[in-house]
1. What translational diffusion coefficient, to the nearest whole µm²/s, does the stretch 110-153 have by Stokes-Einstein, given a Kirkwood radius computed over alpha-carbon pairs, a temperature of 25 °C and 0.890 mPa s viscosity?
2. Tally Lys and Arg at +1 and Asp and Glu at -1 over the other residues with C-beta under 15 Å from the C-beta of Leu174: what net charge comes out?
3. Would you please give the residues with an amide H less than 5 Å from that of Arg487, counting only those at least 5 places away or on a separate chain, with H modeled from the backbone geometry?
4. Go ahead and estimate [θ] at 222 nm for the chain from helices alone: -39,500 (n - 2.57) per DSSP H run with n ≥ 4, summed, over the residue count, rounded to 500.
5. In the neighborhood of Ala139, defined by Cβ-to-Cβ distances under 9 Å, what is the net charge if each Lys or Arg adds +1 and each Asp or Glu adds -1?
6. Below 26 Å Cα-Cα, how many Lys pairs turn up in the chain? Only count pairs eight or more apart in sequence, or on different chains, if you could.
7. With every protein chain left in place, what is the accessible area per residue of the chain in square angstrom, probe 1.4 Å?
8. How far is helix 382-404 tilted, in degrees, relative to the longest principal axis of the Cα atoms in the chain, given as a value from 0 to 90 rounded to the nearest 10?
Amino acid sequence: MARHAREPREPAENVEKGRNGEGRGPSHRWWVLGVIGLAQLMVVLDATIVNIALPSAQQDLDFSDGNRQWIVTAYALAFGSLLLLGGRIADLVGRRVVFLIGLVGFAVASAIGGAAPSFEILVLARALQGMFGALLAPAALSLLTTTFTVPKERAKAFGIYGAIAGAGGAVGLLLGGVLTEYLDWRWCLYVNLLFAAVAFLGGWRLLTAGAPVDRPKLDIPGTVLVSAGLFCIVFGFSRAETHAWSSPDVWGFLVAGAVLVAAFAWWQTRAAHPLLPMRVVLDRDRAASFLAMFISGGGLFGVFLFLTYFLQKSLFYSPVSTGLAFLPMIAVMIVTSVTTTNVLVPRLGAKPIVPLGMGLAAAGMVWLTALDLNSTYAAHVLPPLICLGLGLGMVFATAMNLATAGVSARDAGVASAMVNTSQQVGGSIGTALLNTLATSAATSYLVGRRPTSAAIAQSQLESYSTAYWWSAGFFAVGLLVTVILYRRGVPQPHPVEESDPVRA
């Protein structure tokens, strides 16, 4: 990568050489990782940081409980439905320029949301955040893919990046609590300006200018089909939180989404320039990694969403204390991610590691079902969180690494977008399913009982426990899927196509 934006290539003296003289990549590649990691943290934490601010925003802007979900849904809809298009645009235009445009757009949308005088403006700002996030997230991951081409360094970089992606939601809860409690809910949006400014300056200084050498063409029919299909699926599941599953507002959109995604898959086998080439998804390790991200994305919300409710509503933690409660899990995830990708996977392969991570996450979820009104943090909440941190650290970093390993430079953007799409759609589906199941469990518990404060408190525990059991089921399915799909043995090094490895 270049020192100056106008230089098309990294000067030879700024490219480090390995022991055998092979190019390791730009000499400042670890600074590039910092810039990319900061941008990814901003995108991921924004999915949860606003949740903490919702009650304050609702009181300030005076919108109804029924409309409250749109603050979250608007972001998820735009982000989830446009990710594949954003990834392909990065391949078409150039990852550096798309990365920088995504940062500026995300910052402007955040400023609009922070200053929003009405509910409608806030929803519009959240949708714009999702749209620019769909440009930013795949561009960031594909930049990482093309920057780190040496297997050992790539493993270390993806370990750190995977930890950021997995822990970003918990960081959002903590940061949202601090900003809401000590400043104002609007700072949950304004804080993105600081993240974006630092990442933009770093990206402008460190990333190479120029469009890709081998520029693919845009698949317009495929883009329309998959964007509409993902929109319908995410929207249908978001409606399930407030409507019965038998409602046309739910199943109608889900059926339409399934039909559109099926049509997209059919079209990709026939298109001259497919949006998502089958070579990207048909590799066994890559397919297993996409599914691992999808399943763990759904199960993860069982931790963040319902444990947050438990800590605040049942144990009466403050928003800041709730965020702090997740910090040990984040620390364990970071250490496990780096250790897994640098030590375990190179020696044992992904087949034992990712299924083991799924199993540990499932065990942690089952452990959480024992929580009650007399539970304490150190004795009852912390141990399962540590278990979850171990499991998720094994899953996220390994899956992200193998999902983009061996992808040609011209497909790096769309492969990276598939990773984010898998996690985002999985999270949307998981949230809707778990919310519906939890609500039904609470309602069923109260049937035939007097609605005393004790009974209501116990019904909430029943709802949380139900969500944890189902989340454990998600991870158990992930264990089976990854055991079957991942190849045995140590992954063979599949270096990224190096016709221009440091070009952004």
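1. Details: Rh = 12.4 Å.
D = 198 µm²/s.
2. Working: positive: none; negative: Asp46, Glu181.
Around Leu174, the surrounding residues sum to -2.
3. Amide H to amide H, under 5 Å and 5 or more residues apart or across chains, Arg487 pairs with Asp285.
4. Working: 17 runs with 368 residues, N = 504.
Calculated from helices alone, the mean residue ellipticity at 222 nm is -25500 deg cm²/dmol.
5. Working: positive: Arg95, Arg96; negative: none.
In short, +2.
6. Values: Lys17/Lys152; Lys17/Lys156; Lys152/Lys351; Lys156/Lys351.
Summing the qualifying lysine pairs gives 4.
7. On the way: 19660 Å² over 504 residues.
In whole numbers, the chain has 39 Å² accessible per residue.
8. Result, in degrees: 30.
The values are calculated or read from the model by the stated rules, or taken from the named source; none is laboratory data. This structure is a prediction, so every number in the text was calculated from the model and none was measured. So basically every Cβ, Gly included, is an ideal-geometry build from the backbone, and we count neighbours across all protein chains shown. We work out accessible area using only protein heavy atoms, side chains counted, and drop any ligands, DNA or RNA first. Shrake-Rupley method; radii C 1.70, N 1.55, O 1.52, S 1.80 Å.
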